[in-house]
Structures are given as C-alpha cells and as structure tokens.
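In what follows, a single structure is set out as structure tokens and then discussed.
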Amino acid sequence: MLRGIRQASSTWLGRIVMGAVMTLLAAIFALWGINDIFRGFGRSYLAKIGDVEISADDFSQTYNERLQQLSQQIGHPLTADQANAIGLPAQVLGQMVAEAGLDQLAHRMRLGVPTADLVQQVLHDPHFQTPTGQFDRATFENFLQTIGYSEQRFFAEQARVVPRRELTQAVSGGVIVPNAYLDAVNQFQNQERSIDYVVLGPQQAGDIPAPTPEELSKYFDARKILFRAPEYRKVVTVTVTPQELAKTIEVSDADVQKNYQQNLKNYSTPERRHVEQIVFPNMAEAQAASQRIKSGTSFAALAAERKLKPSDIDLGIVAKTDIVDPKVADAAFSLKAGEVSPPVAGRFGAVIVTVLQIEPAQTKPLAVVAPFIRNDIALDRAKTQVQDVHDKIEDARAGGATLQEAADKLHLPAVTVDVDRSGRDPSGKLVSNSLTDSGGVISAAFNNDVGVDTYPIETAGGYVWYEVEGVTPARDRTLDEVKSEVEQNWRDDQIAKRLQTKAADLLDKAENGNPFDALAAGAGVKVEKASGLKRGIAPPPAISAKTVDAAFHTAKGAFGSSVGDKPTAWFVFRVTDVKTPALDPNSADGKKLEQLLQSGMSNDLFSQYVGWFESELGTNVDQAALAQAVGNGAPDNQ
C-alpha cells in the first residue's frame, strides 16, 4: 500500500488527489472522535516528572530522531518491531525523563550558563576550527545539518546540557576505586590455575543395549520439543552490488588491450641491481682507492680496511629510482655485474660503487593479466550502474511487480531459499553461501511477513532486496522422521548417566585418599595436566569450559568433577596450583582496569541519583500512552 501511495503521489494530479484523500480521512477521524491520533493520541502527556510534562509530540520527535540515527548506523530502516525488541521506546523516554529531572534540579540550584559563554565554547572548539585555529562557520553549519538542529535549537540545548553535565560530574565524577576492589577484580580476571585431570568417555560407559520400541517411543514423547521442525521462511533475494553486476558486464578484448597499454607500468617490474658503495671524505681518497682496485684489491677488502660493516656499504637490491643520489644511480646502472665504477662526485661525498647482481626488467604478458584487467573494468563500470539498477527495481516494485518479476525484467538473478532463524535450510545446511549478507537478510525476513513492503539492505557498496514469499509454520515431527536422531540422543543420555555415576565414584575414592594415578588406570584412562587456565579465556581444546569453571570453584589440592562440552564426557580433576599475579596500579593494565571500574562505579552512583530525584520530584509514566505512541496500542475512543 505504501508503494502505491508513493507512486500515486509522483505527479501533480496524483498529489492533488492524495491530498484530498488525506483531508477526507482526517475529517472522518475527527467525526468519529479519534482525531487525537494527530494530537498526541488523546493524552496530555506520556510522562511527568515534577512540573515537567513530556508530551506525545515531544517524545515522537526525539524517538524518530533516535530511530533515524540507528537506521543510518545499521544501513537500513529499523522497523517498529525491531525497535521494540531492543527496548528503544523505553530507553528514549527514560532519557527524556532523566534530563527533565536534571533540568529542574539545576533550576532549583540556580545553575546556568550565559549564552555568551556557550558561543565562546563553540568558537574555540577544535572541531569547528581551520588548521590555523580560526573558527570555520561552514564546518559548524555542516555539523548542525548532520544532527538536524537549527543554530537556535543547538544553543538552547547546550544551555540545558552544560548544567546537566555539571550536576552529573558533581554526583559521579572523581570516584576513587578502593585498592581492595582492584585486587579482587584482578584476582578474578587474572588468577591462573593448574589441574591434573582424567576424561571419562563412551568407552568407560561400557556397552549400551539398543532401546526397545516402547522405550524409544516413551523417550521421544517426553522430548518432542527437541525434535520439533522450526518455522521456515521462503525468501526471494536479489543482490545488486558492484561485484555481482560485474559478472553480467561484457568487456571487449579491445578495451582490455587499451587498458593494458595505458597502464603498462602497473604490469612491469623495472630492472633492479644489488648495489654496494663506499663513501670517501674527499675525491683524492676515492681516486687512490680506485687505483688500488684497478691493481687487484677487491671491493670487499677495501671496505674491510676502512672498518666498514656490510650494512654500511650495502644498498640492497634496488631499482634506479630507489637510489637517492642521481649521479650514483647513473653510475651503478651503467656497470656490468661484478664491475666497480670510477670515483663519482656524489651528493654526500666521493663514491665508488659496485654491482653484485642484475635482475632484468620484466613485463607481465597481456595473456597473464587480461582476466584481472577485464574484472577491474567490469567492476568500475558496475559501480556507476548500481544506483541506476536500484531505481529501476524500486520503480518496478512501486508499479506492483514482485521482486522476482522485477529481477526477470532487468535480467538479474534471483535466489530463493527456505531458511529457519538459524540460517539453515530443511536439510540442515547453512544458506550463508547462497545469500549476500545472509545474517541481515534472515533477520529482516523473520521480522516481516508475506506481502509486506520491504526495504533493500545496503551492503558491499550495493543493495540486497528480499521478499517473504511463504511461511511454513513450526510443527512437531513424527518419530519415524527423526528416528535415527532420537536413537542417538537416547544412547548419549544413557552414556551420560553411566559416566556421571562413574565420575562420582572416582571422585569419592580420590577424596578418600586413593592415588589418582591408580584410580585413572583402573578406569582405563590416563592422568593429563593443564596449566594457565583463566576465567573468561578459551581453554585448551582438550578441556571444557565447564571444567575450567568448576576448577575455579575448587580449592587448591582438592578434587572436583564436571561434565564436558558434551554430556558423553565427564572430567574428574585435582587443582594442583593457584597463581594470582600482583597488580601494579601504575602499569598500563592497572590503569586500564582502574578506569573501567571507575566508569562502572560512576554509572552506578548516577543511576542511584536518578532514582532518588525521580522519587523526590515525583514521576509518572503512562505505559498505555507510550505503547500507543509507538504503535503498540489502539488509540482511545473518547
């Protein structure tokens, strides 16, 4: 419907007709007493704190601005359901209530800031200055345009923000983190433990007889939800990115040849030489050295006599343009391999150079680079076509075409998948290789429905369109459909029960003084060692995260047990060592931890302060009006 309205309003006649329709609708709403839709939903306020009321209009403006900001950040419009899912309405209203409360407290305390001071702050803000330190009004106006503020609104807002900031700083600024708190957090985060452990697996469980049909049926009936088929959505997608469009663009051999010739230097490697040089303080010494070389002294021997290390004379394997001194470069690139130049009056002194090795210049043939050139040309052309294709698809959809029909009309490939929320098709395979931005597409598809207008998702310099063509509801599978899976789960459960019993028995014997090695040997397993285990850090592959957690709840020298990553593995362990590194408050890690804790404590203090002044001033939030304001409730008929 929305696309039809946009299409109908695209001409002057359509705008007149649609204007008349909207006027008629407004009159009908007024006639039936629900004109409050246009006047704050019939509520005097959504929230009130102290003497300040927050109207539906004020909330809607702030809420829509926040919604727009988030939409720009994620690259596509945020739907109402998505905003509700992250609690955006409550967050925005909560912030508005807190700010209104701070404003009243600031007024009571006679806190304020003259406009002249605010102007001076802007004039001296580095963000609004030129490189020479002058105020740049154009930059300031661009900033205002970006945040959607007029200059008057900006300064009015700053006049409220500054006192709020002062109050906040007074309440929660300058918090000192106690050393005991730092030590406790350091111990929790950085303490390391070592354990000796054994792993009991399926072999230790022994033979598990197959379940009888009655046992399997009873097991399945009690756990049907585990084998339930999820909801699937049939989603059609069309991807228009430079990479995808480039696949459809033909590039002629002539264009490839032309590009190759124009950019030949990009496919050529210049001649490179391994050059060494000796720099002399004056030309006389250089000439004397040159005569000795002619008499049979080697370049290396001459360098050694002057106590020069290889790093003092070796320029490496370089192109001619890599040598800073042009005269030295000319001399080096006029020699044959093994030759030594006569003295050169270089920029930094008299120089003698030699060439140890020569790598000839190389040019990659057209046949080798043609595929890459063809792709680059196609990609460049595709970048200029993305927006044009976008507009054509949107025009076709506005005209009533389905996404598939729009794709067919423009000869674009469409991909259709049946997918569940986890990104798997009915066979259990991930569809991520079939879809561009599969995570974004799947999430959006499950937040929309069949026949709903959807917006393209911006990705990879282009767009992905999607439409939900069908919904297959979740359902209970029959035992016959999942019999092999049920049998495996039943078997795993039987193994897990046996292992848990064996682990408990082994733990009891270990705690009663039986040697751990002997107990392990009797169970057919070997004692292994693990060290450097830390909270929150991925353990070694052989250790489960649950075992690490259990180890940190077990005293040094004591035994413990834990299930593994799968229920068919159980660990029995002994904590052999506990190390807590000392925290240096002045170290980078120490200061980082202190800042983190300081921020958390400040936030806690301010939250308590907000709770206090909301109670002190008196706060009321009309949840029904809030739900109505964001489209989650029906307007009142009064």
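The values are calculated or read from the model by the stated rules, or taken from the named source; none is laboratory data. Quick caveat, the model's predicted, so the values are computed rather than measured. Backbone-built Cβ (ideal geometry, glycine too); neighbour counts: all protein chains shown. To get the accessible areas, we keep the full protein, side chains included, count just its heavy atoms, and leave off ligands, DNA and RNA. Shrake-Rupley method; radii C 1.70, N 1.55, O 1.52, S 1.80 Å.
Around ALA370, with a cut-off of 13 angstrom between Cβ atoms, what is the net charge of the other residues, counting Lys and Arg +1 and Asp and Glu -1?
0
Could you order peptides 276-287, 211-222 by the average number of other Cβ atoms within 10 Å of their residues, highest first?
276-287, 211-222
Do you know the relative contact order of the stretch 289-394, to the nearest whole percent, from alpha carbon pairs under 8 angstrom that are 6+ apart?
Relative contact order comes out at 17 percent.
Taking the Cα centre of the stretch 206-349 as the origin and placing charges on Cβ (Lys, Arg +1; Asp, Glu -1), which of ASN259, ALA288, ALA304 is farthest toward the positive end of the dipole?
Going by the charge dipole, the pick is ALA288.
How much accessible area per residue does the stretch 275-353 have, counting only protein heavy atoms and a probe of 1.4 Å, in square angstrom?
Accessible area per residue: 56 Å².
In debye to the nearest 20, how big a dipole does the stretch 315-383 give about its Cα centre with +1 on each Lys and Arg Cβ and -1 on each Asp and Glu Cβ?
The dipole magnitude comes to about 260 debye.
About its Cα centre, what dipole magnitude does the stretch 202-294 give when the only charges are +1 on Lys and Arg Cβ and -1 on Asp and Glu Cβ, stated in debye to the nearest 20?
So the dipole magnitude of the stretch 202-294 works out to roughly 320 debye.
Above 16 angstrom, tally the Cα pairs of the stretch 377-457 and express them as a % of all pairs, no decimals.
61 percent
Cα-Cα pairs above 15 Å in the stretch 131-195: how many percent?
Summing the P(r) tail past 15 Å for the stretch 131-195 gives 74 percent.
What share of all Cα pairs of the stretch 301-424, in percent, falls into each consecutive 5 Å distance bin?
Reading upward from the zero bin: 2, 8, 11, 11, 8, 6, 6, 5, 5, 5, 5, 6, 6, 7, 6, 3, 1, 0.
What ranking, highest mean first, results for peptides 258-268, 344-354 when packing means the other Cβ atoms within 10 Å averaged over each residue?
344-354, 258-268
Beyond 23 Å, how much of the Cα-Cα pair distribution for the stretch 107-215 remains, as a whole percent?
65 percent
Placing unit charges on C-beta atoms (Lys and Arg positive, Asp and Glu negative, everything else neutral), compute the dipole magnitude of the stretch 163-210 about its Cα centre in debye, rounded to 20.
Using only the charged Cβ atoms, the result is roughly 400 debye.
In whole angstrom, note down how far apart the Cα centers of the stretch 337-360 and the stretch 237-270 are.
Each part reduced to its Cα centre gives a spacing of 42 Å.
Residues of the stretch 86-227: accessible area per residue at 1.4 Å, in Å²?
Roughly 60 Å² per residue, with all protein chains present.
Among LEU366, VAL452, VAL563, which residue has its Cα furthest toward the positive end of the charge dipole of the chain, with +1 on Lys/Arg Cβ and -1 on Asp/Glu Cβ?
LEU366
Once you compute Rg and the Kirkwood Rh from C-alpha atoms, what is the Rg to Rh ratio for the chain?
Answer for the chain: 1.08.
Per the helix-only calculation at 222 nm, which mean residue ellipticity applies to the chain, given -39500 (n - 2.57) for every DSSP H run of n ≥ 4 and division by its residues, nearest 500 deg cm²/dmol?
The helix contribution divided over the chain gives -15500 deg cm²/dmol.
From zero up to wherever the largest Cα-Cα distance of the stretch 342-415 sits, split into 10 Å bins and tell me the percent of pairs in each.
Each 10 Å bin holds this share of Cα pairs: 14, 21, 16, 12, 13, 8, 9, 7, 0.
Which whole-number percent is the relative contact order of the chain (Cα, under 8 Å, 6+ apart)?
Relative CO of the chain lands at 25 percent.
Nearest 0.05, what FRET efficiency do LEU144 and ASP57 give at R0 = 22 Å with Cβ-Cβ as r?
Computed FRET efficiency for LEU144 and ASP57: 0.50.
Given the convex hull of the Cα atoms of the stretch 176-324, what is a quarter of its surface area in nm²?
Average of the hull's projected areas for the stretch 176-324 equals 33.4 nm².
Roughly how many Å² is the accessible area per residue of the stretch 514-558, as a whole number, for a 1.4 Å probe?
59 Å²
So, with a 1.4 angstrom probe, what is the percent of accessible area on the chain that is carbon and sulfur?
Solvent-exposed carbon and sulfur of the chain make up 52 percent of the total.
Can you compute the radius of gyration and Dmax for the stretch 206-291, using only the Cα atoms, both in Å?
Expressed in Å, the Cα Rg and Dmax of the stretch 206-291 come to 38.1, 107.
Please compute the contact order of the stretch 225-363 in relative form: average sequence separation of alpha-carbon pairs under 8 Å and at least six residues apart, divided by the residue count, as a percent.
34 percent
Cα centroid distance between the stretch 43-113 and the stretch 368-425, in Å?
39 Å
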